[in-house]
Amino acid sequence: MSRSNASGAAVWTLAAFAAQIVASLFLNGTLRPVGMLLMALCYLMNAFAAFWLRCWVALGASAVGALLTVTVPNGTDPAWVGNMAVNLLFLLFYLPMERDFDRRLRAADASEQTLRLGRTWAMATLVQRGASMMGFLPYFEGQAELSVQQGAYTVLFCVQMGLEVVALLAAVVSYAWMVRYLWRAKTLLAEDKV
């Protein structure tokens, strides 16, 4: 695969992230169908990027995500099983793609700083998605209501809130480093004009 295809894959992944952000704005409210359509588009753009990278695991995860988004009524089930599925799909297309970009950047003699951006993106994504999945386990169901009834936070509610804070902070790091890393990959892997 040419370096320009890898650069194009970085652009498609960045565009998919933009679609994901816009979709999240519409998923709660009257424009939910628009949000679901944009989320399906996000998955399809990631699938296209994965195809350009010849990253088959990421391609499969993206295709499954797009299919689930358009076929499951009202989008993916918001319960813990649906949360697990969505987070696993994100891990299955982000982590293999990061590893593939990393391999290509090493071959292009990218700086250690650039490679460190990719590793930080991967680790923060793993922490974000892992904490999000753990926070939605059935053990935590109804803890907010129980805390209100008791007039004090339960231990499980505190643990759940801790996991949500970790997931939120890791998401900020993950997405910020992803954008920086993919922007560098786009530039470094662009086809030579000479």
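The values are calculated or read from the model by the stated rules, or taken from the named source; none is laboratory data. In this text, all values refer to a predicted model and were calculated from it rather than measured experimentally. Backbone-built Cβ (ideal geometry, glycine too); neighbour counts: all protein chains shown. These area figures cover heavy atoms from the full protein model, side chains too; ligands, DNA and RNA do not enter into them. Shrake-Rupley method; radii C 1.70, N 1.55, O 1.52, S 1.80 Å.
Of note:
- Pairs where the first residue, in region 137-163, is under 15 Å from TRP80 (Cβ atoms) and the second is open to solvent by less than 100 Å² (accessible area, probe 1.4 Å) and of a type in the set (Val, Ile, Thr), C-beta under 6 Å, 6+ apart: GLN143/THR154
- Selected residue (only one of ARG129, ARG180 is among the basic types (Lys, Arg), under 23 Å from TRP12 (Cα atoms) and free of Cβ contacts under 8 Å to residues at least 60 places away in the same chain): ARG129
- Restricting the first member to region 22-41 and to residues that are among the aromatic types (Phe, Trp, Tyr), and the second to residues that are surrounded by 19 or more Cβ atoms within 10 Å (Cβ to Cβ), the beta-carbon pairs closer than 7 Å and six or more apart or on different chains are PHE26/GLY35; PHE26/LEU38.
- Residue match in region 79-91 (condition: without any contact (Cβ under 8 Å) to a residue 12 or more places away in the chain and open to solvent by less than 40 Å² (accessible area, probe 1.4 Å)): yes
- Checked against (1) basic (Lys, Arg); (2) touching a residue at least 40 places away in the same chain (Cβ under 8 Å); (3) open to solvent by 50 Å² or more (accessible area, probe 1.4 Å), ARG119 passes all but condition (2).
- GLU98 being in a helix (DSSP H, G or I) and either closer than 24 Å to TRP56 by Cα or without any contact (Cβ under 8 Å) to a residue 12 or more places away in the chain (or both): yes
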